[in-house]
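In what follows, a structure is listed as structure tokens, so that the remarks can point back to it.
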Amino acid sequence: MDNTMLIGLTRQLTLRRAMDVAANNIANAQTSGFKAERVMLSENTDSRARHIDGPDRVAFVDEWALGRDFTQGVLSHTGRPLDMALEGEGFFTLQTEAGERFTRDGRFTLNALGELTASDGAQVLDENGQPIVLDPQGGEISIDQTGMVSQGGVQGQRLGLAVFEDAALLQKTGDNRFSAPEDAERMADAIPLVRQGHSESSNVRAMTEITRMMEVSRAYASVTRMIRDADELSRKAIERLGRP
């Protein structure tokens, strides 16, 4: 297969990936705390494409990484005392069966044991890495801007909030959560503000993603035509050379 076909096919693969990512963004446009994603491309230096009559440098392109936009979404008032949103950089800390996880989705509830949990039962951790426990019958629950949880006017545990020096090191694990490598540095002084009774919306801009999907679709069609034209040109060349 010649370079034109190979370059076209690699471009189609990256475009299909970009389409999948844009579609996933749109699907999560209403997911609390979701962060929009982008496909990051890089030049593949392992194999160099060559073109006799074209540009001196023609290269294959690979998907390098999945970039993530961690800008804050809009905070909406819900009035629920266990709904929380973070203003600024940072994450709530959860304990799941797979280990410690981090999320911006602060729609919490209490389980039968009085533990503050996410919707799937993952425990919300305090600043010491312990589950936050409340009394379902213990009176009004309030959380101040520093994350201190009080009930009936008595202070209890403080939310375990994590701010990372480089959020790009976080790895997506599903359920709108992330894991962090052991060497990920945390910023102890940069603590976000906690807004009780609020929820953070997704930062996905639906119209931007729809426009991107249209651009990807047109680019894919253009590459498909290029591959088809190159194949037709090769076929005609073979037929002509094969004539006596």
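The values are calculated or read from the model by the stated rules, or taken from the named source; none is laboratory data. Keep in mind it's a predicted model, so treat the numbers as computed, not measured. Positions of Cβ are backbone-derived with ideal geometry, glycine not excepted, and every protein chain shown enters the neighbour counts.
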* **Single unsatisfied condition, Ala85 versus (1) surrounded by fewer than 17 Cβ atoms within 10 Å (Cβ to Cβ); (2) of a type in the set (Gly, Ala, Ser); (3) assigned by TED's automatic domain parsing to the domain that holds Gly152; (4) not in a loop (DSSP other than H, G, I, E, B)** => (1)
* To do: Please determine, by comparing only the residues of the stretch 184-236 that are among the β-branched types (Val, Ile, Thr) and out of contact with any Gly (no Cβ under 6 Å at 6 or more places or on another chain), which one is nearest to Ser76 (Cα to Cα).
  => Val204
